[in-house]
Structure formats: C-alpha cells, structure tokens
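S.K.: Quick one: structure below, then a few questions.
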Amino acid sequence: NEKPGDAMEDKQMTFDEKIKEYKDHLEALNEIDSLEVYQWLISLGKRLNDNPLSDIRHTEENRVSRCQYPLFVDKEDGKFRAWSNAMIAGGYAYILVDIFNVMTKVESEKITVEDFKKMKLDEMLTMNRQTGFYQMIEMMLAKGKK
C-alpha cells in the first residue's frame, strides 16, 4: 500500500535522485503542454521568496548578471538561498537551491554544470533564461567550494 516516495521520507535524497525527480516532473508537464512547465516554474518562483536571501546579500557579487531580471544567490546560515522578483527565473532558482541544499560535500566537489543537463530543464528555457540558469549553477558550485 506504499506510494513511491514513502520510503524516501526518512532518507535525504541524493543529487542524482533530485535531478531525476525534477527531470521526470518536467517531462510529464512538457508532454501535456510546454506552457505547463512555465506555469510550474512560476508557482515555484512564488515559493522561492517564502524563505528568500536577505536584502543585505543582494550585492553585485551575488547577482546573476546574465539574467535579464534581478536574481541573487548566496549561502546564508549554511544553506543556499536566492531572491528574484521574476517568477520564471525564481522558479529555476528554487529548483537549484533545492538541489544544492541536498548535496553532500563529496557530491559538491565532483558535480559539474554538465550534471545539471540530465534534468533537461535548460532545453525548456529560452536562450536568455538558459544563460542565467547556467551562470547561477556556476556561481553556486563556486560558493559551495568556499
């Protein structure tokens, strides 16, 4: 009588499991309609600001400069947090924060931008959004190593 995911509640998900979970969800939405992907990203963008990066950390160093809208990311209190008032950028920021916050130290040292391509989210974003998405991953990888 168990549903998929019931057994996972006690166990922290790994990076690969998180990537697969998001990939499966994105593919299912995309099969319905590509607009569904954007609707979901917008809903996640709204949730990003439930626990946002504090205003004091909205600095040039933390700004995802290749995003056409304001988007900031940094580690705060030992966890990654982000802030954006752009809902789609906020949606992919929410996903990246969620993934980075489950990564172990060992995972964070060996994971590269390429590993995020398995999720296929980049293929569903416009070129401008892909640029910000990849820059944010690079920034988070660098901040994770500090």
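No value in this document is a laboratory result; all are computed from the given coordinates. Predicted model only: the values in this text are computed from it and were never measured. Reconstructed Cβ throughout: ideal geometry from the backbone, glycine too, with neighbour counts over all protein chains shown.
S.K.: Compute the Cα gyration tensor for the range 59-140, then decide on rounded, prolate or oblate, letting a ≥ b ≥ c be the square roots of its eigenvalues: rounded whenever a/c is under 1.5, prolate when a/b is larger than b/c in the other cases, and oblate in all that remain.
M.R.: Taking the square roots of the gyration eigenvalues as a ≥ b ≥ c, the range 59-140 is oblate.
S.K.: Pull out the extension gain between Glu36 and Asp16, defined as 0.36 nm times the separation in residues minus the alpha carbon to alpha carbon distance; nm, one decimal.
M.R.: Between Glu36 and Asp16, full extension yields 4.8 nm more.
S.K.: Taking the dipole about the Cα centre of the chain, with the C-beta of Lys and Arg at +1 and of Asp and Glu at -1, give me whichever of Tyr38, Ile56, Tyr92 is farthest to the positive side.
M.R.: Ranked along the dipole, the leading option is Ile56.
S.K.: Across the chain, how large is the tail of the calculated P(r) beyond 25 Å, expressed as a percent of all Cα pairs? Provide the component values of the computation, followed by the final result.
M.R.: Details: 2645 of 10585 pairs.
Distances greater than 25 Å cover 25 percent of the Cα pairs.
S.K.: Something else about it: Under a point spin-label approximation (7 Å from Cα along Cα-to-Cβ), what is the Ile56-His25 distance to one decimal in nm?
M.R.: Label at Ile56, label at His25, 3.2 nm between them.
S.K.: For the range 21-110, what is the charge dipole size about the Cα centre, in debye to the nearest 20, if Lys and Arg each add +1 at the Cβ and Asp and Glu each add -1 at the Cβ?
M.R.: Once rounded to the nearest 20, the dipole reads 300 debye.
S.K.: Another question, then. For the ranges 101-113, 79-91, 133-145, 57-69, what's the packing order if you count other beta-carbon atoms within 10 Å of each residue, average per peptide, and put the highest first?
M.R.: In decreasing order of mean packing, 101-113, 79-91, 133-145, 57-69 become 79-91, 133-145, 57-69, 101-113.
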